[in-house]
1. Starting from the exponent 0.38 and prefactor 2.2 Å, build the expected Rg for the chain from its residue count and divide its actual Cα Rg by it.
2. When the helix-only estimate is applied to the chain (DSSP H runs of n ≥ 4, each -39,500 (n - 2.57), divided by the residue count), what is the mean residue ellipticity at 222 nm, nearest 500 deg cm²/dmol?
3. Quickly rank 13-20, 33-40, 120-127 as a protection proxy: mean count of other C-beta atoms within 10 Å, highest first.
4. If you bin every alpha carbon distance in segment 33-119 into 5 Å steps from zero, what whole percent lands in each bin?
5. Can you tell me, using C-alpha contacts under 8 Å and at least 6 residues apart, the relative contact order of the chain as a whole percent?
6. Provide 24, 80 in ascending order of the number of other Cβ atoms located within 10 Å of each residue's Cβ, fewest first.
């Protein structure tokens, strides 16, 4: 997992040319003029999911993991906690769904607070639980960049 401010994203662009595309898109796009939903950046290799939701209780969420895509989760407004834990032989409570690229897990985790203009890069080996309330539930606007694993 990587956690940082968007102005530092150039540090991480050498990880993959597709991650570089995702960061360029985040920095160049005016999300206030876009509708929620999926937005294609580079076919199935890089796309954005713009979403708004109310943060939830930790107990109401499960850890998730992906195999085909890296998540770059970028907060536009609001704040949330993202739970994280390394994926090390845990047994999923919901087996991997290849069509939707996720499995769910019940496990403990540590939390990172993500504020506007901050991002978390979550790799396939990172279990993560986004959308958790900090003190009380608030509305969050976020972009999740899905970046195909090379």
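What follows is calculated from the coordinates using simple rules that are stated; it is not laboratory data. Note that the structure is predicted; figures quoted are calculated from it, not measured. Here the Cβ positions follow ideal geometry from the backbone for every residue, glycine too, while neighbour counts run over all protein chains shown.
1. Ratio of Cα Rg to 2.2 N^0.38 Å: 0.98.
2. -2500 deg cm²/dmol
3. Highest to lowest by the protection proxy: 120-127, 13-20, 33-40.
4. 3, 11, 19, 23, 22, 16, 6, 1, 0
5. For the chain, the relative contact order is 37 percent.
6. Ascending Cβ contact count within 10 Å gives the list 24, 80.
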